[in-house]
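To start, the structure under review is shown below, and the notes come after it.
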Amino acid sequence: GSKPSRRRPPERYAGMRTLVLGVGNPLMSHDGVGVHVLQELSRRQPALDEVDYLDAGTLGLVLLSQVEQAQALLVIDAAQLGLAPGETSVLHGADMDAFFRNARGSVHEVGLRDLLDAARLMGTLPPRRAFVGVQPQRVAIGSSLSPSLYASVALAAAQARTILEAWQLDVTND
């Protein structure tokens, strides 16, 4: 017989609001990779229930109310990961927190740290958190991604989609 589809989230999950933040400035070449990944991810089918995709731009505490209302937070951004340009890294929970706590990289990393710290202080930090980072090659004025970064957009979107589906199936990597 045919196996039941695993696409529908369990009923108990109705109302688990997930916020996906695509971070970056698309006018600064590789700095905008998070926004490119967000756009690719939001087009993937089938659409996922209770998932909000937000172009977070260059961040700020203005996003705090959005984060506070979410039970799960997925952040996608360019980050100095010490990898080859276009390579990606996925961090969950405490590993993500530690990465941003030690952030000395981009303006966004500091902005994300402040945002996460503010949510933590308010007691509203989403219990499920993950970060999909893409190693940039260069950050300069220009709206295009290099071939290595362009190729990473689909990979990072696939990694992000896997996280979202796992959360909806209540399978975590925390």
Cross-chain or 6+ apart pairs with Cβ under 8 Å, the range 137-161 first and more than 16 Å from residue 80 (Cβ to Cβ), then charged (D, E, K, R) and at pLDDT below 80: 146/138
Out of curiosity, is residue 174 assigned to a helix (DSSP H, G or I), more than 14 Å from the chain's Cα centre (by Cα) and either farther than 27 Å from residue 45 by Cβ or at pLDDT below 90 (or both)? no
Restricting to the range 31-49, name every residue that is of a type outside the set (Lys, Arg) and either buried (at least 19 other Cβ atoms within 10 Å of the Cβ) or in contact (Cβ under 8 Å) with a residue 40 or more places away in the chain (or both). 31, 32, 33, 34, 35, 36, 37, 38, 40, 41, 48, 49
Within the range 43-57, restricting attention to residues that are touching a Gly at 6+ places or on another chain (Cβ under 8 Å) and of a type in the set (Gly, Ala, Ser), which residue is nearest to residue 167 (Cα to Cα)? 56
Considering only residues that are open to solvent by 10 Å² or more (accessible area, probe 1.4 Å) and among the aliphatic types (A, V, I, L, M), look in the range 57-77 and name the one that is farthest from residue 119 (Cα to Cα). 59
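The values are calculated or read from the model by the stated rules, or taken from the named source; none is laboratory data. Here the structure is a predicted model, which is why all the values come from computation and not from measurement. With ideal geometry, Cβ positions are generated from the backbone for all residues, glycine too; neighbour counts draw on all protein chains shown. The accessibility values were calculated without ligands, DNA or RNA, using every heavy atom of the protein model including side chains. Shrake-Rupley method; radii C 1.70, N 1.55, O 1.52, S 1.80 Å.
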